[in-house]
Structures are given as C-alpha cells and as structure tokens.
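Below you'll find the structure, written out as structure tokens, and then a few comments.
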Amino acid sequence: KVYPNFPNPFNPETNLSFTISERRFVTLKIYDLLGTEIKTILNEYKNPGYYTEKFNGSNLPSGIYFYKLTAGGYTSAGKMILLK
C-alpha cells in the first residue's frame, strides 16, 4: 500500500511512505507531468514492513509530479505538487 506523500504541496522535500506484506523487488520512481522519468528512488529488494523514502525536489521547477511504486505485481501511483 502506498500512502499520500507528506507534506503536499512541498518545498523542497517530501516523504513517500509505503508498506509491503512480503519480500518483494520494489521500484519507486518520480515522473514529471509529461511522463518523463525524473528520478529512481528505489530499485531493490525489500523485506515486509513500513518504509518512508525522502524525495528532494530542490533542483526541479515548481509543478506537478507523480510517484509510482511497483512491488511484485502491485503498482500504485500518486500526484504531488512542488511549490517554490
């Protein structure tokens, strides 16, 4: 399960939290409004549990961004707003 990022809107840092119920290969990526991949935050195996990853957008312009989490066959995405 993916939780909404906090804070949202953010400047320049936000937290992305999720839980997984069994060991899975997890990817967490950030995309811009056009769908271009901006950053890969996670790309590794994770054990069951609750995780929080920080995303720093200080080098990005203000705007709407998306995060996408994939863990095994599960995929979820959310929208976040960077305000400077």
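I'd like the accessible area for residue 84: 1.4 Å probe, protein heavy atoms, all chains in place, Å² to the nearest 10.
Accessible area, nearest 10 Å²: 120 Å².
Please report the net charge: other residues with Cβ closer than 12 Å to the Cβ of residue 64, K and R +1, D and E -1. The partial results should precede the final answer.
Details: positive: 79; negative: 32.
Overall, the nearby charge balance is 0.
By how many nm would the segment from residue 24 to residue 45 lengthen if fully extended, with 0.36 nm per residue of separation less the alpha-carbon distance?
Numbers: separation 21, 0.36 × 21 = 7.56 nm, distance 0.55 nm.
My answer for the length gained is 7.0 nm.
If you take every residue apart from residue 21 with its C-beta less than 14 Å away from the C-beta of residue 21, what net charge results, scoring Lys and Arg +1 and Asp and Glu -1? Numbers along the way, then the final one.
On the way: positive: 1, 23, 24, 46; negative: 22.
Residues near residue 21 contribute +3 overall.
Given a cut-off of under 8 Å on Cα pairs at least six residues apart, what relative contact order in percent is computed for the chain?
Averaging sequence separation for qualifying contacts and normalising by length gives 36 percent for the chain.
What whole-number value in Å² describes the accessible area per residue of the chain for a 1.4 Å probe?
Numbers: 4930 Å² over 84 residues.
Heavy-atom accessible area per residue stands at 59 Å².
Can you pull out the GluC sites (Glu not before Pro) in the chain whose DSSP state is coil and whose Cβ has at most 14 other Cβ atoms within 10 Å? Let's see the in-between values first.
Working: sites: 13, 22, 37, 44, 53; in loops: 22.
Here the sparse-neighbourhood loop sites are 22.
If you take the beta carbon distance between residue 76 and residue 56 as r and set R0 to 25 Å, what does 1/(1 + (r/R0)^6) give as a FRET efficiency, to the nearest 0.05? Don't skip to the end; give the middle numbers.
Values: r = 22 Å, r/R0 = 0.86.
Here the calculated transfer efficiency is 0.70.
Roughly how big is the stretch 24-71's charge dipole about its Cα centre, with Cβ charges of +1 (Lys, Arg) and -1 (Asp, Glu), in debye to the nearest 20? Intermediate values should be presented prior to the final figure.
Values: 6 positive and 4 negative charges, 27 e Å.
Dipole magnitude for the stretch 24-71 comes out near 140 debye.
Using each residue's phi in the stretch 74-82, evaluate 6.51 cos²θ - 1.76 cosθ + 1.60 at θ = phi - 60° and report the 3J(HN,Hα) Karplus result to the nearest Hz, with x for Gly and Pro.
3J(HN,Hα) across the stretch 74-82, in whole Hz: 8, 9, 8, 9, x, 10, 9, 10, 9.
Determine Rg/Rh for the stretch 22-84; Rg is computed over alpha-carbon atoms and Rh is the Kirkwood hydrodynamic estimate from the same atoms. List each step's numbers first, then the result.
Working: Rg = 12.5 Å, Rh = 12.5 Å.
Checking Rg against Rh, the ratio lands at 1.00.
The values are calculated or read from the model by the stated rules, or taken from the named source; none is laboratory data. Since the model is a prediction, treat every value here as computed from it, not as a measurement. Reconstructed Cβ throughout: ideal geometry from the backbone, glycine too, with neighbour counts over all protein chains shown. Heavy atoms of the whole protein, side chains included, go into the accessibility calculation; ligands, DNA and RNA do not. Shrake-Rupley method; radii C 1.70, N 1.55, O 1.52, S 1.80 Å.
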